[in-house]
Amino acid sequence: APAVQGRRIDLRGLSTGNRPSKASKESWSFAAEIVGNASLAGKGIRITAGEVLKVIDLAASYAACVHAGHPTCTTLAFDHVELLVPILHGDLLHLDSRVANVGNTSIVVQVVGRKWDLLTRQWIYTLEAFVTFVALGPDKRPTIVPTLETGSEEEEELRAFLQARSLLNEQYEAEQIAMQQPGA
């Protein structure tokens, strides 16, 4: 079983050889939901960001679980959440989710959301988020996930962007640890 060292997981006990691979389009999913409280619909009242994050998490977790091939993927982090347009009680929200990058046990899902505008009868680009999950096996320990095949130039650019962000996050974490050391 992998051992936890600080915030990192030691994967030396897990075999990562001969991992299966899946294309991003194999785990693409969507969710559509009328959000908020029905009694507040039509009154121009915004829903809280927490309610939006809950819907994003549900949509993203489905894509992560499909990619992992089993039903247990735990949300590790929300990254780069952009809420671009106010979302009101009673709005129809449509979310598209796809796996954008994978590690040994982690899966990063991109979620893009639109809401239906009743006045213009058009979809309005509303939000974008990246959500990171950790795949858990039956023993509730991190488990190896399939690699990701990129099928387009856009998917490859997105994957490179996320890998660069991951390196920056690691550098930031190392700097934070160094600052906490005595004599720093």
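The values are calculated or read from the model by the stated rules, or taken from the named source; none is laboratory data. This is a predicted model, so every value here is computed, not measured. Cβ coordinates were reconstructed from backbone atoms using ideal geometry, including for glycine residues, and neighbour counts include every protein chain displayed. Side chains included, ligands, DNA and RNA excluded: accessible areas come from the protein's heavy atoms. Shrake-Rupley method; radii C 1.70, N 1.55, O 1.52, S 1.80 Å.
For the range 107-126, the count of residues that are touching a strand residue (DSSP E or B) at 6+ places or on another chain (Cβ under 9 Å) and more than 30 Å from ARG46 (Cα to Cα) is at least one.
Being under 22 Å from ASP79 (Cα atoms) and of a type outside the set (Gly, Ala, Ser): is that true of PRO138 here?
On the way: under 22 Å from ASP79 (Cα atoms): no; of a type outside the set (Gly, Ala, Ser): yes.
Answer is no for this residue.
Within the span defined as the range 115-124, every residue fails to be touching a residue at least 40 places away in the same chain (Cβ under 8 Å) and open to solvent by less than 30 Å² (accessible area, probe 1.4 Å).
Checked against (1) open to solvent by less than 90 Å² (accessible area, probe 1.4 Å); (2) over 18 Å from SER106 (Cβ atoms); (3) part of a loop (DSSP other than H, G, I, E, B), ILE177 passes all but a single condition, namely (3). The criterion of at least 2 residues that are open to solvent by 50 Å² or more (accessible area, probe 1.4 Å) and under 19 Å from ILE124 (Cα atoms) is met, among strands (runs of 3 or more DSSP E) falling completely within the range 19-109, by 29-34, 73-83.
For the residues LEU167, LEU127, the requirement of being at negative phi and open to solvent by 90 Å² or more (accessible area, probe 1.4 Å) singles out LEU167. The residues of the range 129-184 that are out of contact with any Pro (no Cβ under 8 Å at 6 or more places or on another chain), under 14 Å from SER24 (Cα atoms) and of a type outside the set (Asp, Glu), listed by number, are VAL145, LEU148, THR150, GLY151, SER152, LEU158, ARG159. Summed over the range 110-126, residues that are in a strand (DSSP E or B) and either basic (Lys, Arg) or under 24 Å from GLU154 (Cα atoms) (or both) total 10.
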